[in-house]
Each structure stands twice: as C-alpha cells, then as structure tokens.
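Visitor: The structure follows.
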C-alpha cells in the first residue's frame with residue numbers, strides 16, 4: 001500500500017504541497033503523496049448496534065495511530081515571547097499528544113554561561129508543564145557564545161549537560177525520531193555560523209551515525225528527522241544536504257524532515273519526502289502575512305501505518321471545552337453586548353471647532369474580574385483626545401467612570417469629516433485563562449444640527465442591497481410617548497421574500513411595519529401581546545413605489561396601503577417599551593442588531609404622535625415633512641457620509657449600517 005501524507009486545515013493555514021488529489025510522481029512509488037485521501041472504512045455488524053432500520057453506516061478502521069507535536073523557534077524576539085511559548089504549552093496539553101519535538105533556538109543565547117543558564121531554566125520551566133515528554137533540538141541561539149573566555153564548542157557542553165545530546169534518536173510505536181545537529185561549524189577553522197557553507201556541513205562522525213540509525217530503523221513504518229537549519233534550501237547552506245537527502249531517500253521510509261530558523265513556514269517536498277519548515281513559537285515574528293505562514297504556531301502530526309497528517313495550529317486558537325462553563329459562556333456573552341453609558345455631547349462652535357467633555361461609565365455585569373481599555377480615536381486627524389486611553393480592572397459589579405476631553409480644530413464640515421469614536425476592549429479573567437471580547441467601536445454623541453448642513457440639491461433615497469444593510473436610529477432619539485401614533489414610509493422593493501421588515505423595533509415590544517412575502521403588515525405590542533393588521537399576500541409589487549402607514553388611535557390599529565385602508569382591528573392600552581433602536585430597512589434583535597432586512601430603496605420615513613390618517617382612504621403626499629407632532633422624519637436629502645439627518649428642526653439622526661448607501665432617486 002502506498003504511503004499517504006495528508007494535509008488538514010486548522011485556523012488560517014495549511015502545510016503541504018497542495019490541495020485536492022494531486023500526486024508527486026518523483027521518487028519511490030511507496031512515497032506517493034495524496035492530499036485529502038479518506039481513511040479506511042468498514043461495515044462491521046459486530047461493532048454497530050441499533051433496533052432501527054436505516055441506511056447502513058460505515059465504521060472507521062481500528063488501525064492504531066498516535067500524535068506528536070512540533071514547536072518552532074522561541075528566540076530572536078522580545079523577552080515576552082516566553083508567554084507565547086506558555087500559551088502553546090497550554091494549547092498542546094489539550095490535545096494530549098504522545099510527545100513534542102522542537103526544532104531549535106530554545107534560549108536567546110549569544111551570551112556567556114550565567115545568562116545562558118538563566119534562560120535555560122526559564123525555557124525548561126515552561127516546557128516541563130507539558131503533560132507529555134518533550135525532546136530538544138539545538139539551534140544557533142542555543143550554541144553560539146558571545147563574550148570573553150569562549151570555550152571550544154562554545155555552548156555545546158552547557159547544552160548537552162542541561163538539554164540533552166546534540167544528536168540522538170529514539171523509537172516510538174514503530175516510528176523513529178532522529179534529532180540532528182546543524183551547527184557543528186567549519187571542520188577546519190571551528191567557526192560556527194549559518195552564513196557560510198563551509199560551516200554548514202554535517203561531520204563524518206554525525207553522517208556515519210545517521211547511516212547506522214537509518215539501518216536500525218529499516219523496518220519502521222515512518223522515520224521523522226528534526227534539525228534547526230533547513231539546509232535543503234541551499235544558499236548560505238551550500239549543497240552538503242544533497243548527500244544527506246540521498247541517504248534519506250535510499251532508506252525508503254523517511255516520511256518528513258522538520259526545521260525552523262527562518263521564522264516563516266514553507267513546505268518543500270522532494271522525492272517523496274516532506275520537508276517542512278516551521279515559523280515561531282514566541283520567536284521574532286514579523287507577521288507579514290499570517291495566512292501565508294508568518295505567525296506563531298505549532299504543528300501536530302497524526303501518524304498511522306500508511307498515512308501521516310500534518311496540521312498547523314496558530315498559538316492561542318485552541319479552546320478547552322471543559323473550561324467553557326455555563327458561567328464563562330453567559331458572562332462573555334454579556335460582555336460582548338455591553339455598551340458603556342456616555343454622558344455629554346460633542347458640540348460645535350460657529351467655526352466648527354469643538355471643545356467637549358464626555359464621561360464614560362462602564363459596569364462589570366459579571367461575577368469575575370474584567371480588564372477594560374477605552375480608547376477614543378478618529379480617522380479624522382483634526383480631532384484630539386485627552387487622555388489617549390483609559391485602562392482599569394473592574395471587580396464583580398463594580399462601576400468606573402472615565403472622563404475624556406474631545407477637541408477639534410476649526411475647519412469645515414465636509415466630506416473629509418470623520419466622527420470621533422470610542423473603542424471598548426474587554427478581557428474576561430477566568431481561572432488560569434483570559435478571554436478577549438471582540439472590540440466594540442461606539443460613535444460618540446454629536447450635536448448634529450450644530451453642523452448646519454444644507455440639504456442635498458439632489459433627491460436622495462436609501463438603497464439597501466444585501467443582508468444587514470439598514471439604518472439605525474438610537475432609541476434615545478425616538479422616544480415615543482404612550483398613546484396614538486403613526487408610522488409611515490415610501491419605498492420600492494427589489495423582492496419581498498421571507499420575513500422582511502421595513503421599519504421596526506420589535507422584540508416582544510414596540511411597533512413595526514413588515515413587507516414579508518409581499519404582504520404588508522403593521523404590529524403594535526399592547527397589553528403584553530401584539531395587535532397585528534395586514535393586507536393581502538402579494539399586494540406589494542417589486543419595483544413599484546408604495547406608501548405604507550400604520551396608525552394606532554388609542555382604540556384601533558389600522559394599516560393603509562397607498563392611501564387605502566386594508567385592515568383594522570381593535571387595540572388599546574399601554575405600548576410595551578424596550579430600550580432598543582429603531583431600524584429603518586429592518587427589525588432589531590435582542591442584541592440590538594439589525595435583522596430581517598429589506599432589499600430595495602426607501603424614499604422617506606416619518607414617526608409621529610397622534611393618528612394622522614382616519615377613515616377609509618386619503619391621498620399620501622410624497623413629502624413626509626416634520627411638524628409639531630413629529631418624532632423622527634427624513635427624506636434622506638440631508639446627510640453627511642454615513643449619517644442621515646432628521647428634519648432640520650429636530651435633533652436626531654440615523655446611522656447607515658454595513659453596505660447601506662444613499663443614491664440619487666431615479
């Protein structure tokens with residue numbers, strides 16, 4: 001049976017020579033490589049039990065296997081890289097592999113013995129937290145000496161005394177593991193460097209030892225090699241690896257060779273042997289292209305008799321399901337929905353400068369400690385903030401207030417204007433682990449009318465094309481008192497498939513107009529239940545301009561389509577209220593997010609107190625202008641980037657979400 005080397009995808013990247021069913025026909029037939037080859041399957045009535053009839057199910061074969069891990073370079077980066085190493089140890093313990101190998105550069109090195117010894121103890125202290133045995137491989141950082149009294153071999157003696165032999169091998173479950181030493185140095189001068197081919201040769205002693213080990217391992221299912229420098233890449237390494245590679249190919253059972261040093265991942269299969277270079281586990285990492293292998297990661301290798309799977313896992317991306325208790329799940333969900341209270345408003349002077357003070361209040365709703373960072377910022381460089389951030393811890397149910405000065409230089413309010421924002425970052429500190437909550441960016445309250453914007457000379461409409469496109473109007477800006485009210489809109493839909501809201505804030509509360517499946521409806525939540533009025537399914541035509549008005553007069557709920565009453569039902573009592581935003585072009589869920597969004601164009605929206613329309617019919621006017629009863633009204637003509645202003649006599653505005661945009665009416 002041919003040997004199979006399979007590549008899996010975890011997180012953001014994959015190691016291997018390609019995807020699909022490509023084959024490498026170079027070299028031994030025994031080393032033919034297939035990607036994504038399925039495992040053996042069997043049907044075995046002695047292992048499958050049911051009292052039901054049904055389609056027969058395949059069972060996995062009972063072939064034995066094991067898993068081992070591989071860690072990349074720890075060094076060449078900042079001292080805090082040890083915390084990344086510790087995170088990798090935490091991650092790998094969750095997989096419980098049989099063993100972990102390294103590919104060198106364990107300590108920062110390039111020093112004399114005293115500091116080297118401290119770094120050795122630090123590294124071993126972290127690695128000894130692994131639940132499985134681990135095996136070191138030496139790198140240049142572990143061996144190269146800097147300073148006076150350099151001994152022969154530099155740090156070789158220290159390394160072998162505290163880490164292990166410079167080269168060695170062992171057998172595990174009919175697979176062999178071989179650690180090689182790639183910094184023996186120039187055999188003539190003794191110089192140790194990875195910049196010269198003369199110093200990057202394998203000594204006759206190590207080569208002959210490797211020959212002997214490969215002979216011992218001739219009956220092994222797999223042989224895996226580990227060294228620090230990926231000598232097969234040539235360049236400063238020269239061509240000495242060619243003779244080593246021939247030796248590995250001739251052995252007939254070398255499956256993969258792992259190295260590090262270059263701090264980025266790459267796969268270079270040749271003659272049926274997988275050559276894999278790891279990036280880093282805490283070492284210097286540019287992070288130039290994480291999805292291309294520039295990141296902190298470790299490899300996990302699953303070994304079976306005829307198949308080896310290699311997977312690369314970004315450090316810190318593994319979760320322990322046992323640690324996600326009900327408390328953790330509920331608390332992190334609460335924190336993801338947490339919105340700080342902002343007191344104060346950013347106001348503008350005549351010259352559009354601003355000098356305002358905002359107070360931000362954050363409360364920890366959980367029973368655990370949380371770490372909070374508040375950062376004011378803007379894409380508009382004319383804003384200045386003081387201080388530039390606030391960082392603090394909050395105990396269970398603790399409240400903290402933070403003040404920020406918000407300043408803006410005098411300059412026009414034009415299309416280059418960007419709003420000041422507040423970034424909220426939270427870490428939830430559970431036992432032995434921290435859970436980062438996704439960053440929230442919250443718009444600071446603005447006194448929008450003070451911007452004194454003139455309406456556009458063009459007739460604009462709100463265009464919504466994709467799921468999630470909508471406009472949000474803050475709840476505090478549309479506080480509708482109890483009693484009669486009217487909600488209305490002009491619109492033309494591209495389609496009306498499924499549950500589709502036109503203007504709504506319904507979550508067991510409030511009111512909304514829907515156009516689901518082309519059927520207009522209006523709902524008001526009164527006395528703990530909805531009063532629903534609706535029209536005929538299919539009454540709304542795609543591409544046609546329609547007007548809908550929902551009216552509650554205190555005793556009845558009515559719906560008007562294009563000025564004609566289509567339904568009426570009795571309804572009275574107080575409206576159920578919740579602090580949820582009004583969504584134009586959709587509805588709102590319990591997390592205050594836009595859902596059930598509309599596809600098409602909305603020409604105008606108006607929310608008013610009082611019953612504007614009575615009787616059987618009326619002639620709707622296209623201008624939904626504001627008057628003394630209006631809570632919110634817009635024809636989308638007065639706007640600034642992603643803000644849509646309410647009628648100029650009112651103080652509220654809407655904010656465009658996702659791909660929502662304003663376009664000229666046709």
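Visitor: I need a count of the residues in segment 82-113 that are outside any strand (DSSP E or B) and at negative phi.
Guide: Our first condition is that a residue be outside any strand (DSSP E or B); within segment 82-113, this holds for 82-98, 103-110, 112-113.
From what's left, at negative phi: 82-95, 97-98, 103, 106-108, 112-113.
Residues meeting the conditions: 22.
Visitor: Counting residues that are crowded, with 16+ Cβ neighbours inside 10 Å, which strands (runs of 3 or more DSSP E) fully inside segment 352-450 reach at least 3?
Guide: Working: elements: 354-363, 370-377, 383-386, 390-394, 399-408, 421-430, 433-443.
Result: 354-363, 370-377, 383-386, 399-408, 421-430, 433-443.
Rundown of residues vs (1) in a loop (DSSP other than H, G, I, E, B); (2) at pLDDT 95 or above; (3) more than 17 Å from residue 520 (Cα to Cα), yes/no style:
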{"position": "567", "(1), (2), (3)": "no, yes, no"}
{"position": "578", "(1), (2), (3)": "yes, no, yes"}
{"position": "611", "(1), (2), (3)": "yes, yes, yes"}
{"position": "655", "(1), (2), (3)": "no, no, yes"}
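Visitor: So, residue 307, is that one assigned by TED's automatic domain parsing to the domain that holds residue 136, in contact with a strand residue (DSSP E or B) (Cβ under 7 Å, 6 or more places away or on another chain) and closer than 26 Å to residue 214 by Cβ or not? Walk me through it before giving the result.
Guide: Values: assigned by TED's automatic domain parsing to the domain that holds residue 136: yes; in contact with a strand residue (DSSP E or B) (Cβ under 7 Å, 6 or more places away or on another chain): yes; closer than 26 Å to residue 214 by Cβ: yes.
Against the criterion (assigned by TED's automatic domain parsing to the domain that holds residue 136, in contact with a strand residue (DSSP E or B) (Cβ under 7 Å, 6 or more places away or on another chain) and closer than 26 Å to residue 214 by Cβ), residue 307 qualifies.
Visitor: Working carefully through the options 275, 298, find the one that is in contact with a helix residue (DSSP H, G or I) (Cβ under 7 Å, 6 or more places away or on another chain), more than 26 Å from residue 123 (Cα to Cα) and assigned to a strand (DSSP E or B).
Guide: The conditions single out 275.
Visitor: Suppose the filter is within 29 Å of the chain's Cα centre (by Cα), free of Cβ contacts under 8 Å to residues at least 60 places away in the same chain and in the same structural domain as residue 85 (by TED's automatic domain parsing); does residue 289 pass it? Walk me through how you get there before you give the answer.
Guide: Working: within 29 Å of the chain's Cα centre (by Cα): yes; free of Cβ contacts under 8 Å to residues at least 60 places away in the same chain: yes; in the same structural domain as residue 85 (by TED's automatic domain parsing): yes.
Judged against the criteria, residue 289 is a match.
Visitor: Quickly run through segment 583-593 and pick out the residues that are touching a strand residue (DSSP E or B) at 6+ places or on another chain (Cβ under 6 Å) and either modelled with pLDDT under 95 or in a loop (DSSP other than H, G, I, E, B) (or both).
Guide: If we filter segment 583-593 for residues that are touching a strand residue (DSSP E or B) at 6+ places or on another chain (Cβ under 6 Å), which is where we start, we get 583-587, 589.
Selection gives 585, 586, 589.
Visitor: Let me ask another. Determine which single condition residue 107 fails, assuming it passes every other condition in (1) within 32 Å of the chain's Cα centre (by Cα); (2) within 21 Å of residue 208 (Cβ to Cβ).
Guide: (2)
Visitor: Could you check how many residues of segment 599-632 are in contact with a strand residue (DSSP E or B) (Cβ under 6 Å, 6 or more places away or on another chain) and in contact (Cβ under 8 Å) with a residue 60 or more places away in the chain?
Guide: Qualifying residue count, segment 599-632: 18.
Visitor: Of all residues being exposed (fewer than 15 other Cβ atoms within 10 Å of the Cβ) and on the phi > 0 side of the Ramachandran plot in segment 114-172, which is nearest to the chain's Cα centre (by Cα)? Just the residue, please.
Guide: Checked segment 114-172; the qualifying residue nearest to the chain's Cα centre (by Cα) is 164.
Visitor: Scan (1) closer than 21 Å to residue 657 by Cα; (2) modelled with pLDDT of 95 or more for the single condition residue 552 breaks and write down its number.
Guide: Looking at each condition in turn, residue 552 falls short on (1).
Visitor: Still on this model: Do we find that residue 512 is modelled with pLDDT under 95 and under 16 Å from residue 534 (Cα atoms) in this structure? Steps first, please.
Guide: Numbers: modelled with pLDDT under 95: no; under 16 Å from residue 534 (Cα atoms): yes.
The answer is no for residue 512.
Visitor: How about segment 462-544: which strands (runs of 3 or more DSSP E) wholly inside it have at least 2 residues that are closer than 26 Å to residue 665 by Cβ and in contact with a helix residue (DSSP H, G or I) (Cβ under 9 Å, 6 or more places away or on another chain)? Even if it seems obvious, please write down each step before you answer.
Guide: Working: elements: 470-473, 485-495, 501-504, 511-514, 521-526, 529-534.
Ranges flagged: 485-495.
The values are calculated or read from the model by the stated rules, or taken from the named source; none is laboratory data. Nothing here was measured: the structure is a model prediction, and the numbers come from that model. Backbone-built Cβ (ideal geometry, glycine too); neighbour counts: all protein chains shown.
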